[in-house]
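Participant: Provided herewith is a single structure, encoded as structure tokens, for subsequent inquiry.
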Amino acid sequence: MNNTFLPFSKPTIDEATIAAVADVLRSGWITSGPKVAEFEKQLSAYFGDRPVRTFNSGTCTMEIALRIAGIGAGDEVITTPISWVATANVILEVGAIPVFADIDPVTRNIDLDKVEAAITPRTRAIIPVYLAGKPLDMDRLYAIAAKHKLRVIEDAAQAIGSTWKGKPIGSFGDFVSFSFQANKNITTSEGGCLVLNDDAEAVSAEKYRLQGVSRSGWDGIEVDVLGGKFNMTDIAAAIGLGQFSKLNDITAQRRKLARHYFATLGKDFEKQTGAQLPPAEFEMTNWHLFQIVLPDRITRPEFMEKMKAHNIGIGFHYAPIHLFKLYRDLGFKEGMFPAAERVGRQIVSLPMFYAMTEADVDRVCAALGDVLKTQ
Ligand SMILES: *Cc1c(COP(=O)(O)O)cnc(C)c1O
């Protein structure tokens with residue numbers, strides 16, 4: 001057995017990036033400054049010149065988008081139960097009402113038929129999530145939003161580098177939120193960015209980012225909305241700039257590894273194990289995660305334990321949000337979203353990161369055969 005532990009995810013920070021961070025630390029300006037401005041400029045160019053602002057997480061980005069859209073008490077916001085809990089927490093944070101719509105068990109993303117069925121006269125917005133970086137049918141999503149006059153806050157936390165019909169996710173649409181948390185395809189250690197529609201929204205985003213402060217006149221400041229403290233530092237932006245310069249490489253490497261998973265597991269893997277693979281799609285998805293859904297005969301903790309015995313780390317993304325106590329206390333119950341509950345119970349994330357090799361994939365596949373194969 002291979003003695004080195006293979007984690008499910010690991011950031012790769014190159015020496016040039018480490019040197020750039022050291023330069024910031026020596027510069028005398030370590031909070032938001034020129035590096036943030038440069039990072040925002042480069043992101044904006046990538047997102048088709050749409051306005052972009054950076055933040056200290058990919059959670060506050062969504063909360064701020066909801067605030068800019070004026071969504072609050074009494075408003076319903078539709079989202080998926082299979083995401084990081086942040087996606088629903090931001091709805092509660094602004095005083096609005098989370099409404100879950102079940103997932104499509106094949107894509108594991110929100111089911112747009114279920115979204116349409118969940119729309120009421122109080123619905124104001126949809127927060128779709130691109131799990132593992134896999135986009136939805138974006139044409140249909142925006143057709144539904146237009147028909148019902150809904151805002152869309154895309155939780156594209158996992159989807160930088162993903163595309164829809166050749167266009168980067170974020171280069172079109174309404175609000176689009178990305179995370180640069182440590183495990184994401186590109187990182188700033190912690191951080192995020194929000195793609196906005198126009199300069200007025202960008203000015204609002206800047207206010208919400210820093211205590212509601214706006215500059216008015218030639219030396220005055222004014223506070224006219226309640227903002228928070230969500231700015232990105234130049235230290236983080238220097239990491240982001242180094243990472244962002246490798247985005248195409250990173251996406252290509254992940255697609256290559258995903259292809260190798262499919263090739264090595266073989267076309268009979270599902271039949272031999274009862275596990276479900278993700279949809280094999282290599283054009284649009286950035287392969288943030290490579291997730292399989294386990295057969296019911298093995299529990300997730302049992303599977304993780306057995307893979308750990310092979311020195312392989314397994315991730316878990318995600319538990320159904322509606323079954324957390326905070327949400328059960330709001331009236332959500334087991335049985336409400338059966339596809340999300342099944343996937344949430346049995347989904348696991350196999351190792352997938354930029355520095356991983358095809359030999360590492362081979363190791364994971366051999367261990368999977370050992371742990372899961374019955375025939
Ligand atoms: C990472 C992630 C977030 C939160 O991003 P942070 O930067 O950690 O705040 C939200 N939604 C999804 C789907 C994520 O993967």
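Participant: Kindly check whether there is at least one residue in the stretch 212-235 that is at pLDDT below 95, open to solvent by 40 Å² or more (accessible area, probe 1.4 Å) and polar (S, T, N, Q).
Facilitator: For the stretch 212-235, residues at pLDDT below 95, open to solvent by 40 Å² or more (accessible area, probe 1.4 Å) and polar (S, T, N, Q): present.
Participant: Further, regarding this structure: For the stretch 287-300, check the following and say yes or no: at least one residue is more than 24 Å from the chain's Cα centre (by Cα) and either basic (Lys, Arg) or under 25 Å from residue 97 (Cα atoms) (or both). Show your work before the answer.
Facilitator: The initial filter retains those residues of the stretch 287-300 that are more than 24 Å from the chain's Cα centre (by Cα), namely 295-299.
Now restrict to residues that are either basic (Lys, Arg) or under 25 Å from residue 97 (Cα atoms) (or both): 297.
The answer is yes, given that some residue of the stretch 287-300 is more than 24 Å from the chain's Cα centre (by Cα) and either basic (Lys, Arg) or under 25 Å from residue 97 (Cα atoms) (or both).
Participant: Turning to a different aspect of this structure: Test residue 333 against the criterion of being at pLDDT 95 or above and in a loop (DSSP other than H, G, I, E, B), and give yes or no.
Facilitator: When the stated conditions are applied, residue 333 passes them.
Participant: Looking at residue 45 and the list (1) more than 22 Å from the chain's Cα centre (by Cα); (2) over 30 Å from residue 89 (Cα atoms), which single condition is not satisfied?
Facilitator: All conditions pass for residue 45, except number (1).
Participant: Residue by residue through the stretch 61-85, note down the ones that are in contact with a Lys or Arg (Cβ under 8 Å, 6 or more places away or on another chain) and more than 27 Å from residue 337 (Cα to Cα).
Facilitator: Listed by number, the residues that qualify are 64, 69.
Participant: What residue, among those in the stretch 266-298 that are assigned to a helix (DSSP H, G or I) and polar (S, T, N, Q), is surrounded by the most Cβ atoms within 10 Å (Cβ to Cβ)?
Facilitator: Just the residues of the stretch 266-298 that are assigned to a helix (DSSP H, G or I), to begin with: 269-273.
Add one more test, that the residue is polar (S, T, N, Q), and what stays is 272-273.
Working: 272: 14, 273: 22.
Filtering the stretch 266-298 for residues that are assigned to a helix (DSSP H, G or I) and polar (S, T, N, Q), the one surrounded by the most Cβ atoms within 10 Å (Cβ to Cβ) comes out as 273.
Participant: I've got another one for you. Among the residues of the stretch 310-330, count how many are in a helix (DSSP H, G or I), of a type in the set (A, V, I, L, M, F, W, C) and open to solvent by 70 Å² or more (accessible area, probe 1.4 Å).
Facilitator: Restricting attention to the stretch 310-330, the residues satisfying the condition of being in a helix (DSSP H, G or I) are 321-323, 325-328.
Retained after the next criterion (residues that are of a type in the set (A, V, I, L, M, F, W, C)): 321, 323, 326.
Then drop every residue that is not open to solvent by 70 Å² or more (accessible area, probe 1.4 Å), which leaves 326.
Residues that pass the stated criteria total 1.
Participant: Does residue 263 qualify as being open to solvent by 60 Å² or more (accessible area, probe 1.4 Å) and farther than 30 Å from residue 33 by Cα?
Facilitator: yes
Participant: Of everything in the stretch 98-124, what is touching a helix residue (DSSP H, G or I) at 6+ places or on another chain (Cβ under 7 Å) and not charged (D, E, K, R)? Give them in sequence order.
Facilitator: Within the stretch 98-124, 98, 99, 100, 101, 103, 105, 109, 112, 115 meet the criteria.
Participant: Determine if the stretch 357-374 includes at least one residue that is closer than 30 Å to residue 118 by Cα and of a type in the set (A, V, I, L, M, F, W, C).
Facilitator: no
Participant: Hey, among 355, 367, which residue is buried (at least 20 other Cβ atoms within 10 Å of the Cβ) and either modelled with pLDDT of 95 or more or touching a Ser or Thr at 6+ places or on another chain (Cβ under 9 Å) (or both)? Write out each step before concluding.
Facilitator: Details: 355 fails: buried (at least 20 other Cβ atoms within 10 Å of the Cβ).
Selected residue: 367, the only one of 355, 367 that is buried (at least 20 other Cβ atoms within 10 Å of the Cβ) and either modelled with pLDDT of 95 or more or touching a Ser or Thr at 6+ places or on another chain (Cβ under 9 Å) (or both).
Participant: Let me ask something additional. Limited to the stretch 99-117, what total is found for residues that are in contact with a Leu (Cβ under 7 Å, 6 or more places away or on another chain) and either away from the ligand (no atom under 14 Å from the Cβ) or open to solvent by 30 Å² or more (accessible area, probe 1.4 Å) (or both)?
Facilitator: Qualifying residue count, the stretch 99-117: 1.
Table: residues versus (1) buried (at least 24 other Cβ atoms within 10 Å of the Cβ); (2) within 21 Å of residue 231 (Cα to Cα); (3) assigned by TED's automatic domain parsing to the domain that holds residue 153.
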position	(1), (2), (3)
41	no, yes, yes
48	no, no, yes
58	yes, yes, yes
82	yes, no, yes
90	yes, yes, yes
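Participant: With the stretch 48-134 as the region, which helices (runs of 4 or more DSSP H) entirely inside it contain at least 1 residues that are among the small types (Gly, Ala, Ser) and closer than 17 Å to residue 173 by Cα?
Facilitator: 60-68
Participant: Next up: Please find, within the stretch 156-205, the residue that is farthest from residue 87 (Cα to Cα) out of those that are within 9 Å of the ligand (Cβ to nearest atom) and aromatic (Phe, Trp, Tyr).
Facilitator: The extreme case among them is 180.
Participant: Now for a different question. Looking at 137, 102, which is the one that is of a type outside the set (A, V, I, L, M, F, W, C) and either on the phi > 0 side of the Ramachandran plot or touching a residue at least 60 places away in the same chain (Cβ under 8 Å) (or both)? Before the answer, list the steps.
Facilitator: Working: 137 fails: either on the phi > 0 side of the Ramachandran plot or touching a residue at least 60 places away in the same chain (Cβ under 8 Å) (or both).
Exactly one of 137, 102 is of a type outside the set (A, V, I, L, M, F, W, C) and either on the phi > 0 side of the Ramachandran plot or touching a residue at least 60 places away in the same chain (Cβ under 8 Å) (or both), namely 102.
The values are calculated or read from the model by the stated rules, or taken from the named source; none is laboratory data. This one's a predicted model, so the numbers in the text were calculated from it and none came from an experiment. We place every Cβ from the backbone using ideal geometry, glycine too, and count neighbours over all the protein chains shown. Note: accessible area is taken over every heavy atom of the protein model, side chains too, but ligands, DNA and RNA are not part of it. Shrake-Rupley method; radii C 1.70, N 1.55, O 1.52, S 1.80 Å.
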